[in-house]
Each structure stands twice: as structure tokens, then as C-alpha cells.
1. How about the range 48-69: which of its residues are part of a strand (DSSP E or B) and either under 20 Å from V33 (Cβ atoms) or not assigned by TED's automatic domain parsing to the domain that holds I143 (or both)?
2. Go through (1) without any contact (Cβ under 8 Å) to a residue 24 or more places away in the chain; (2) within 30 Å of T77 (Cα to Cα) one by one and return the number of the condition L226 breaks.
3. Would you mind telling me which numbered condition in (1) touching a residue at least 40 places away in the same chain (Cβ under 8 Å); (2) under 26 Å from T249 (Cβ atoms); (3) surrounded by fewer than 17 Cβ atoms within 10 Å (Cβ to Cβ) E160 fails?
4. Filter the range 89-125 down to residues that are among the aliphatic types (A, V, I, L, M) and farther than 15 Å from L76 by Cβ, then give me how many there are.
5. Take the residues of the range 110-146 that are outside any strand (DSSP E or B) and among the β-branched types (V, I, T): which is farthest from the chain's Cα centre (by Cα)?
6. Quick one: which of S96, S107 is under 18 Å from I143 (Cβ atoms) and either assigned to a helix (DSSP H, G or I) or touching a Phe, Trp or Tyr at 6+ places or on another chain (Cβ under 9 Å) (or both)?
7. Working carefully through the options V225, V270, V247, find the one that is assigned by TED's automatic domain parsing to the domain that holds R35 and in contact with a His (Cβ under 8 Å, 6 or more places away or on another chain).
8. Need the failing condition index for K48 against (1) surrounded by fewer than 22 Cβ atoms within 10 Å (Cβ to Cβ); (2) within 28 Å of K271 (Cβ to Cβ), just the number.
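The values are calculated or read from the model by the stated rules, or taken from the named source; none is laboratory data. Only a predicted model underlies this, so the values are computations on that prediction, with no experimental measurement involved. Ideal geometry is used to build each Cβ from the backbone, glycine not excepted, and the neighbour counts take in all protein chains shown.
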Amino acid sequence: MDKVEAAVRHCYSTWGESYYDDYYSDKASYPPVHRDIIRRELEAHRGKNLLDVGCGPASMLRDLTDLDLDLFGFDLTPEMVIECKKVMLSFEVEESHFWEGSIVNQSDFYRSPKAPEKFDASICVGVLPHIPVEHDETVFKNIRACLREDGLAIVQARNELFALFTFNRYSSDLLETRLVPKEELEEEIGGEQTRKIFNEMKDRFRMDLPPIRKGKEDEPGYDEVLSRTHNPFEIREQFAKAGFRNVRTLFYNFHILPPMLKVEAPEAFVKLSMAMEDNPEDWRGHFMASAFLITGLAE
């Protein structure tokens, strides 16, 4: 875990000042529709305080300052926390509300002397992809532990099943590592024939897509550190097991067509994809949305 976190820190070390513009502002390549979903969920919940686990440079928090919430947050990357404090200070939120910490360490959730004993709500966006699979359970338990009874949790994840719609290297990886029983196939027909079959499957996909995301300077890029996807069916079960009820899956970043075909009709692609964002519980999101939010109330 130390090596994973060190790589993630390095990856994000130069992103602090540009991250919000790149992914949340009007300059972003796609509107941050998940921010609107999170706002609606928080408004409906009517809590008094909020903890952002993995707050980055206040990417989400800076747009929630009008909700009359006492805002707190921590992040793994020092440069992100520095930017977060600077941004939130401009909204007259004390620097002590934000600190460095790891989501896998429960004690890191309480490093601010101003933080309540239990939070009314917690959000976690952009963190879960960087968590090794063996620590997922710890992450969900830690989020549950920081919440009062009936506290709201919202956790973001990349959608593993979206690979069934992309027809690129993600599709090939999903078939080879998660769907096709490779070991049983090798036992039945032999390793050489199995390798031939998998190579033929690869020929059906665009293995050059999507491009590998590299780092900005000397740091590793997003695709060069651990950046997992999650199965929405499995994560619902894990969330419930960690002590949440009323668990819901809210999909976003819909794609009306496989991403590689956007170039054929770019304006229609964006317009029709955005229309699908109106219903984050659309069943097609299991396959046509690249990300989702899992929400639940602490038991």
C-alpha cells in the first residue's frame, strides 16, 4: 500500500492548480454532471456538515459552499491539500478544516481539531480507482465509521461493465481477466490453443484505444499508477456489508455510442449523451456510463 500511495502522490503532485479547470470548469471536455448529482443528494439529506475524503484541490467542495454545510476534507497528496486550503480560505473556511491523510487509515479521518465526532455526510470522488482490491472493505468500513447513524455516504467509482460497450483494450481486458474462465480453458484445451483464442479475441478490438494517459512532467500518468474499475453489482453488496442501507447506484458520463465513434457525429454524441444524464438510475448505465456513484445511509 505504501508503494501504491507513493505512486499516486507523485502522479497528482503537479495537478493541484490545473485539476479543477481540467475537469470541473467550463474548460472541461465534458460537464461534471456528477457534481450536480452529489449536490441534489446532499440537499435532500439536509445534513449540517460534510467530509470530503480525497478532496483534491477542493474540486467538489468549492462548488458546495452555498449549501450551508460545515465543510471538511483531506487528501493523500500534499500539493492538493495546499491548493485546497488556499481555495477554501477564499470562501472563508478555516485552513484547519483540511489536512493530509489516507483513506485506509481510520485515524486520518479525524485530524482536524474542529471536526465533529461523527459527520452527517461524506463524499469520496476519484479515490476508489487507486485502492488495491484487498483494501476496498477497509475503505467502506472507514467511511461508515466516520458517519453518524443515518449519515449519507456517496462514493464514486469507474464502471467496469462499461468495457462491454467500448470495443477497445478495456473490453479485451475484461474478457480475459474477469469473464472467460482462462484456467479452466487451458486445462481443457491446452495453453497454446487458449493463447490463440485470446489473441483472436484481441483482433476484434481496437487495442490502441484509449490512449495511455501519461504524466505531465516526470511523474507517472493516471494509467501508469493503479487506476481500477469496479463492478456496480459487486460494490452494492460490499457497501451493504459495510453497514449501509438504502444503497443506490447512480450512473453518469453516459455514452450514446462507443467512445471511438464520437468522431463520426461529435455534436450529436454530446447532445444525446447529455440527455441520458437526466436519469442516473437508467438501467443502461450499467453498460453505457463510464462511472457511477454508490450511495447509502449508515445503519
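1. Hits for the range 48-69 are L50, D52.
2. Of the numbered conditions (1) without any contact (Cβ under 8 Å) to a residue 24 or more places away in the chain; (2) within 30 Å of T77 (Cα to Cα), the odd one out for L226 is (1).
3. Here E160 clears every test but (3).
4. So the answer is 5.
5. Applying the filter and picking the extreme gives T138.
6. S107
7. V225
8. Going through the list (1) surrounded by fewer than 22 Cβ atoms within 10 Å (Cβ to Cβ); (2) within 28 Å of K271 (Cβ to Cβ), K48 breaks only (2).
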